[in-house]
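Asks: Provided herewith is a single structure, encoded as structure tokens, for subsequent inquiry.
The values are calculated or read from the model by the stated rules, or taken from the named source; none is laboratory data. Predicted, not measured: the structure shown is a model, and the values here were computed from it. Cβ placement follows ideal geometry from the backbone for every residue including glycine, while neighbour counts extend to all protein chains displayed.
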Amino acid sequence: LQATTTAASSSTQYPTSHEQINQPIDTQNWIDNKLVPSKTDQWIELHDPATNNLVTRIPQTTEEEMKQIVESAQKAFPGWKAQSVLARQQIMFKYCALIREHWDRLAASITLEQGKTFADAKGDVLRGLQVAETSCGITTDIPGEVLEVAKDMETRSYREPLGVVAAICPFNFPAMIPLWTISIATITGNACVIKPSERDPGAVMILAELAEKAGFPPGIVNIMHGSAKAVDFIIDEPLIKAVSFVGSNKAGEYIYRRCAEQGKRCQANLGAKNHAAILPDCNKNHALNALAGAAFGAAGQRCMALSTLVFVGETKDWAPEIAERANALNMNGGFEKGADLGPVISPQAKKRIEDIIASAEEEGATIVLDGRGKKPEKYPNGNWIGPTIIANVKKHMRCYKEEIFGPVLVCLNVDSLDEAIELINDNEYGNGTAIFTNSGATATRFQKEIEAGQVGINVPIPVPLPMFSFTGNKKSVAGGGANTFYGKPGIQFYTQQKTVTSFWKSEDAVSTRAKVNMPTQS
Ligand code: NAD
């Protein structure tokens, strides 16, 4: 394979089908606003999940190269910090405009590498763009406080950037999640090193190229490829002052712990098992559509997918109707017109999901809709699993205990709202939850008693827009959820507080004797 560019093509050149990759080209690192080929001899192959054709190879960046990447960011930091916030804001305005201009190209890269449908990939880009757009409000979001604390004395607070910060990203939102860091870290004056998922880094490469076009100085947005070794490097490198992680519990709990050992700032969003409680008094048509969309959209590979349905009372009889709607969804290559869901990310993921469905069968659950063995005619080699619904699930079953991260909806039955709340609160994850009801009183009780970070009332995927924060709970967020992504907490995460207390005496000092006690009056 030739080490040439995957990022330098013009905005009009991007794949519009799964067949277009004739000659795969190696992915490169992005350092000082330039593509830099890695000298590594270790590469990770990236295959299109719809065809399993080779798309590109990702370098396991060498230790020496990783050092260069961080040093480039460190070198760029003082100049960027010294720029006025208005200058940084102007660059971010341009960046937002460029992302919008290259929206289709970014989405196409996601569809090719990640597998989600083109329409859904456009949503992935938009949700990240909205964080970048909201970050432009930094001029009203970052000012500090000032108080005259004594005669001639005042205290002012400032938020200063940290230096070089890094993001370790998951495969399921290849544009949105890197933009959580790129936008907020840079507008607050930091330089960032992004380690995209090794399974779909194409969108980040385009985002880096657009950052250069927008006017980000060299080194402010660097891209470093790799997997576990690169992650360890990021955690252990003293020049990196903060780590943002989004991904599985297995990796995230390790990263959070190891950052804590180094005394390093870390924000980490982890796995999920999101429950929806469906009550007999809900708007049935709305609820069934919402549930099918939220369980099977993106082939269930969203951390906020509604993967667990809690039928309250007689709603358990609605399972066949949900199955009907799920079965009507069109599973196809993401570039195909009318595709509702694409493949799962890898053959290994497919196998694991199929094993979980089989375990549910063995443990006595009912397979209401079985997606195993289904595939679109045009793409026989992809990682396909059709929408699957498993009913009569019990808490001890593997399909309930594990995050499945595929197009599988598991359904449990309870008799009352109390039981639904108890069941949901008993689950170790707490990313999101939803209730479907037409009773305001029921919804309010649920909202107050439920232990999840994001609650939807007749809203299946209640991810807050960037003026709020991505609020997980329990095992879905490391460190008890103190450092959530974007919104005001996002700005706090990427900045260090400084307070300055100054004294400008308006009269001449009358005494020549120094005071040694803590002041006891103002
Ligand atoms: P993953 O943990 O496998 O990978 C995420 C990142 O961690 C990648 O960059 C990868 O290179 C790195 N990594 C993987 N294994 C590692 C290891 N052993 N040591 C060090 N680094 C490692 O996650 P994924 O499969 O890419 O993403 C899916 C997971 O992410 C799901 O669990 C999903 O719920 C979660 N997720 C959570 C949120 C959220 O906001 N809560 C959002 C998106 C995805």
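Asks: Look through segment 421-441, keep the residues that are more than 19 Å from K394 (Cβ to Cβ) and among the β-branched types (V, I, T), and return whichever of them is farthest from the chain's Cα centre (by Cα).
Replies: T437
Asks: If you don't mind, another one. Restricting attention to segment 274-289, and to residues there that are of a type outside the set (A, V, I, L, M, F, W, C), in contact with a Ser or Thr (Cβ under 6 Å, 6 or more places away or on another chain) and more than 16 Å from the ligand (Cβ to nearest atom), which single residue is nearest to W384 (Cα to Cα)?
Replies: Among them, the one singled out is P280.
Asks: On to the next question. Please pick out the residue among A323, A305, A292 that is touching a residue at least 40 places away in the same chain (Cβ under 8 Å), away from the ligand (no atom under 16 Å from the Cβ), buried (at least 24 other Cβ atoms within 10 Å of the Cβ) and among the small types (G, A, S).
Replies: A292
Asks: For segment 57-101, enumerate the residues that are among the polar types (S, T, N, Q) and either touching an Asp or Glu at 6+ places or on another chain (Cβ under 9 Å) or under 26 Å from L239 (Cα atoms) (or both).
Replies: Q60, T61, T62, Q68, S72, Q74, Q83, S84, Q89 - these are the residues of segment 57-101 that are among the polar types (S, T, N, Q) and either touching an Asp or Glu at 6+ places or on another chain (Cβ under 9 Å) or under 26 Å from L239 (Cα atoms) (or both).
Asks: Which of the numbered conditions does V510 fail, given that it passes all the others? Conditions: (1) farther than 23 Å from L179 by Cα; (2) part of a loop (DSSP other than H, G, I, E, B); (3) modelled with pLDDT of 95 or more.
Replies: Here V510 meets the rest and fails (3).
Asks: What are the residues in segment 148-171 that are surrounded by fewer than 24 Cβ atoms within 10 Å (Cβ to Cβ) and within 12 Å of the ligand (Cβ to nearest atom), if any?
Replies: Answer for segment 148-171, where residues must be surrounded by fewer than 24 Cβ atoms within 10 Å (Cβ to Cβ) and within 12 Å of the ligand (Cβ to nearest atom): P170, F171.
Asks: Identify the residue in segment 138-147 that is touching a strand residue (DSSP E or B) at 6+ places or on another chain (Cβ under 9 Å) and closer than 21 Å to F468 by Cβ and, among all such residues, is farthest from the ligand (Cβ to nearest atom).
Replies: P143
Asks: Which residues, counting only those in segment 42-66, are touching a helix residue (DSSP H, G or I) at 6+ places or on another chain (Cβ under 8 Å), among the hydroxyl-bearing types (S, T, Y) and assigned to a loop (DSSP other than H, G, I, E, B)?
Replies: T61
Asks: All but one of (1) surrounded by fewer than 24 Cβ atoms within 10 Å (Cβ to Cβ); (2) free of Cβ contacts under 8 Å to residues at least 40 places away in the same chain hold for G386; which doesn't?
Replies: Of (1) surrounded by fewer than 24 Cβ atoms within 10 Å (Cβ to Cβ); (2) free of Cβ contacts under 8 Å to residues at least 40 places away in the same chain, only one is false for G386: (2).
Asks: Of the residues in segment 13-41, how many are touching a strand residue (DSSP E or B) at 6+ places or on another chain (Cβ under 7 Å) and part of a loop (DSSP other than H, G, I, E, B)?
Replies: Count: 8.
Asks: Same structure again: What are the pairs, 6+ residues apart or on separate chains, where a residue within segment 226-251 that is touching a residue at least 40 places away in the same chain (Cβ under 8 Å) and at positive phi has its Cβ under 8 Å from a residue that is within 7 Å of the ligand (Cβ to nearest atom) and acidic (D, E)?
Replies: Pairs found: G226/E198.
Asks: Restrict the check to segment 137-146 and report whether at least one residue is outside any helix (DSSP H, G or I), surrounded by 24 or more Cβ atoms within 10 Å (Cβ to Cβ) and hydrophobic (A, V, I, L, M, F, W, C).
Replies: No, the conditions are met nowhere in segment 137-146.
Asks: Now for a different question. What are the residues in segment 485-507 that are of a type in the set (S, T, Y) and at pLDDT 95 or above, if any?
Replies: Correct list: Y486, Y494, T495, T499, T501, S502.
Asks: Only residues that are of a type in the set (S, T, N, Q) and more than 9 Å from the ligand (Cβ to nearest atom): list them for segment 217-264, please.
Replies: Of everything in segment 217-264, those that are of a type in the set (S, T, N, Q) and more than 9 Å from the ligand (Cβ to nearest atom) turn out to be N222, S244, Q262.
Asks: Right, something else. List the residue pairs whose Cβ atoms are under 8 Å apart, where the first residue sits in segment 466-486 and is free of Cβ contacts under 8 Å to residues at least 40 places away in the same chain, the second is assigned to a loop (DSSP other than H, G, I, E, B) and not β-branched (V, I, T), and the two are 6 or more positions apart or on different chains.
Replies: S469/Y486; T471/G453; T471/P464; G481/G453; G481/G472; G481/N473
Asks: Specify the residue that is nearest to the ligand (Cβ to nearest atom); the eligible residues are those in segment 172-192 that are within 16 Å of the chain's Cα centre (by Cα) and of a type in the set (V, I, T).
Replies: Across segment 172-192, the extreme among qualifying residues is I177.
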